[in-house]
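Q: Before we start, here is the structure in question, set down as structure tokens.
The values are calculated or read from the model by the stated rules, or taken from the named source; none is laboratory data. Given the structure is predicted, the values throughout are model-derived calculations rather than measurements. Virtual Cβ from ideal backbone geometry, glycine too; neighbours counted across all protein chains shown.
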Amino acid sequence: MRRVDLSDAECPIARGAGELGDWWSLLILRDALDGIRRFDEFAEDLPISPAMLIRRLRTLVDGGLLERRRYSQHPERFEYVLTPRGRSAQTVVIALLAWGNEQLEPSRRSVVLTDRDTGREIEPVLVDAATGTPLSELRLAAVPGPVASDAIRDRFTTLTERRARRRRDRGAAS
């Protein structure tokens, strides 16, 4: 199956999914964040075919998330090092870990996060940078940004109209 190129999508979720959205790329990033750098280490850690691993590593390098660096001349060997852009994907990986621990069999938390200095288990939450309020405590709404196209603005207008129609329909049914 051919991947759809979402790199020019206006929606940041679509663009992000285009960069990180397949499970192999996310698992490779997880491993890279855990310190894995070499092809054979990725291959040992992941149940992935070598051909697929090569493709995903190439995609992550092309996307600026990993950098391919030579570590041996004879034989020629390379390692894959996180770039600053790749390290910034840690927030996505941690959010998936937290969601998985909370929503997918919470009694089976086989991986938790700890503070490296104290060993204390931490529970990651997303917060509003300005107030420190956890996002789960806020009533959030996505709205068109300052450079949104007419298509994005139309999409949000349609969504608002649908919500209003559902509220009217629920009120009429009561």
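Q: Is it the case that the range 105-123 has a residue that's at positive phi and loosely packed, with under 13 Cβ neighbours inside 10 Å?
A: yes
Q: Follow-up question, since we're still on this one. Of the conditions (1) closer than 12 Å to L33 by Cβ; (2) surrounded by fewer than 17 Cβ atoms within 10 Å (Cβ to Cβ); (3) not aromatic (F, W, Y), L65 clears all except one; give me its number.
A: (2)
Q: Can you pull out the residues in the range 129-145 that are in a loop (DSSP other than H, G, I, E, B) and touching a strand residue (DSSP E or B) at 6+ places or on another chain (Cβ under 8 Å)?
A: Within the range 129-145, just T133 meets the criteria.
Q: For the condition surrounded by 12 or more Cβ atoms within 10 Å (Cβ to Cβ), in contact (Cβ under 8 Å) with a residue 24 or more places away in the chain and within 24 Å of E123 (Cβ to Cβ), what is the one hit in R30, R38?
A: Among R30, R38, only R30 is surrounded by 12 or more Cβ atoms within 10 Å (Cβ to Cβ), in contact (Cβ under 8 Å) with a residue 24 or more places away in the chain and within 24 Å of E123 (Cβ to Cβ).
The rows are residues; the columns are (1) touching a His at 6+ places or on another chain (Cβ under 8 Å); (2) assigned to a helix (DSSP H, G or I); (3) closer than 30 Å to L60 by Cα.
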site	(1), (2), (3)
V93	no, yes, yes
V147	no, no, yes
R162	no, yes, no
R166	no, yes, no
R170	no, yes, no
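Q: Okay, moving on. Which numbered condition trips up M52, out of (1) closer than 30 Å to F156 by Cβ; (2) of a type outside the set (S, T, Y); (3) part of a helix (DSSP H, G or I)?
A: (1) is the only condition that M52 fails.
Q: Here's another thing I want to ask about it. Within the range 1-22, restricting attention to residues that are farther than 21 Å from L96 by Cβ and in contact with a helix residue (DSSP H, G or I) (Cβ under 9 Å, 6 or more places away or on another chain), which residue is modelled with the highest pLDDT?
A: Within the range 1-22, the match that is modelled with the highest pLDDT is E10.
Q: I would also like to ask the following. Give the range 31-46 a look and list any residue that's part of a loop (DSSP other than H, G, I, E, B) and within 20 Å of L96 (Cα to Cα), or say none.
A: D34, G35, I36, L46
Q: Here's something else I'd like to know. Quick check: anything in the range 68-77 outside any loop (DSSP other than H, G, I, E, B) and surrounded by 15 or more Cβ atoms within 10 Å (Cβ to Cβ)?
A: Checked the range 68-77: no residue is outside any loop (DSSP other than H, G, I, E, B) and surrounded by 15 or more Cβ atoms within 10 Å (Cβ to Cβ).
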